[in-house]
Amino acid sequence: MLVPFLIMLREGIEAALIVGIVASYLRQTGRGNWMPAVWCGIILAIGLSLSVFAALYVAAAEFPQRTQELFEAVVGVIAVCLLTTMVFWMHKAVRTIKAELQHSIDEALASHDHQGMALVGMVFLAVAREGLESVFFLLATFEQNAGYGAPIGAFLGLACAVAFGVALYYGGARLNLRMFFRWTSILIIFVAAGLVATALRSLHEAGLWNYMQGVAFDVSGILPDDSAVGSVLAGIFGYTATPSNGEFIAYLLYLLPALFLFLRAPAVPSTPTSKAAQS
């Protein structure tokens, strides 16, 4: 429940930041009459994301067992790629996102031909990117977690992000972007490493990976999978008390380089979201 909440909160805040900057800039430049085009782009992006999620989720349920394991592995790999791209893109883009969006708005509205469509397309692409990232992560998470915890967590995270977006637009929100994105990015890197190991396990269960299946270590006597803490760690980081050599190596091969590259990258400046949306 915690990870879907965190991912949807972060993705939602990224989308809210984009929409807030666009809406504020249109209002400040006397072009508030274009807000219906912004809402149209947002609705289309949400519709696309929900359609893709529903189609993939329903299709996966119809797969035979082996194909379903392969599907889970593929979705896990896609989720890892998207999460990694999201982490490093936002770490860099948060410094220039306001200027880039304002430039894109000016370009979209510069021509008198199809101005509304250009603005709709710009907002649609920006929000759809966040939505599709969320789709593949949630698919990977829902495949690993039975019950209602993951959907509830995702819904609560999205609801909090929407509330934050409203407060951001009206000037009531304050958030240190540097700290928020830095610490959530580090957690997401650990989550993605767990997805890498889980994807490799799914490939083995699909009969496509049968190498390095010896047990790397066994801590089931200390922290079994079915314990309260073990279940939480499994849901967040893909923890298992008896990982195979391949899973453990894959986990480290992703985690160590990703953490190293992220931590050595220049930190973004501390930027309150209220200033980003209003100034």
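When only Cα pairs below 8 angstrom with a gap of at least 6 residues are kept, the chain shows a relative contact order of 33 percent. Each label point was placed 7 Å from the Cα along the Cα-to-Cβ direction; for Ala59 and Leu208 their separation is 1.4 nm. The GluC sites (Glu not before Pro) of the stretch 1-98 that DSSP puts in a loop, and whose beta carbon has at most 13 other beta carbons within 10 Å, are Glu62.
To the nearest ten degrees, helix 2-28 and the longest principal axis of the Cα atoms of the chain are 10 degrees apart. Our note on the geometry: Cα centres of the stretch 201-215 and the stretch 47-88, 20 Å apart. Taking the Cα atoms of the chain, the ratio Rg/Rh between the radius of gyration and the Kirkwood radius comes to 1.02.
Packing-based ranking of 39-50, 126-137 yields 126-137, 39-50, ordered from highest to lowest mean Cβ neighbour count within 10 Å. Taking all C-alpha pairs of the stretch 21-159, those more than 23 Å from each other amount to 46 percent. Each Lys and Arg contributes +1 and each Asp and Glu -1, all at the Cβ; summed about the Cα centre of the chain, the dipole is approximately 1120 debye.
Taking Cα atoms only, the orientation of helix 177-205 departs from the longest principal axis of the chain by about 40 degrees.
Where a number appears in this text, it was derived from the coordinates with a stated rule and is not lab data. This one's a predicted model, so the numbers in the text were calculated from it and none came from an experiment. Please note: Cβ atoms are built from the backbone with ideal geometry, for glycine as well, and neighbour counts cover all protein chains shown.
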